[in-house]
Amino acid sequence: MRIRFIRLVVVRAAPLLLLLLLASCAIEPVTGRRQFIAVAPSEDLKLGVSSFEKMKTEVPINMARPRDPLSVEFLNYQKELLGHLGHQAKT
């Protein structure tokens with residue numbers, strides 16, 4: 001009897017859970033892929049900015065004298081990407 005009840009609950013709850021999951025999916029603007037979004041993009045941007053500000057106080061970054069060209073290229077790419085995403089969130 002207990003197993004029957006569990007099956008009934010799972011069978012009735014599964015479509016509802018699937019519908020909620022699909023409703024929470026959105027297209028990621030950078031990659032174009034669909035993904036589960038648990039946090040609003042504006043909130044995500046705020047969290048990222050605050051984390052970055054905290055990280056800058058804990059881990060100093062010296063861009064005055066870059067030593068590794070690949071690291072500099074990667075950092076410049078990330079800077080451009082973040083600037084683009086920040087501009088998207090504001091509009």
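The values are calculated or read from the model by the stated rules, or taken from the named source; none is laboratory data. It should be emphasised that the depicted structure is a prediction, and the values quoted were computed from it without experimental measurement. As a convention, Cβ positions derive from the backbone with ideal geometry for all residues, glycine included, and neighbour counts pool all protein chains shown.
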Count of the range 28-48 residues which are out of contact with any Ser or Thr (no Cβ under 9 Å at 6 or more places or on another chain) and outside any helix (DSSP H, G or I): 10
Test: residue in the range 2-25 that is on the phi > 0 side of the Ramachandran plot and either assigned to a loop (DSSP other than H, G, I, E, B) or modelled with pLDDT of 80 or more (or both): no
Selection within the range 53-72 - at pLDDT below 85 and of a type outside the set (A, V, I, L, M): Lys56, Thr57, Glu58, Pro60, Asn62, Arg65, Pro66, Arg67, Asp68, Pro69, Ser71
Answer residue from the range 43-60, given it is exposed (fewer than 10 other Cβ atoms within 10 Å of the Cβ) and not acidic (Asp, Glu) and is farthest from the chain's Cα centre (by Cα) among those: Pro60
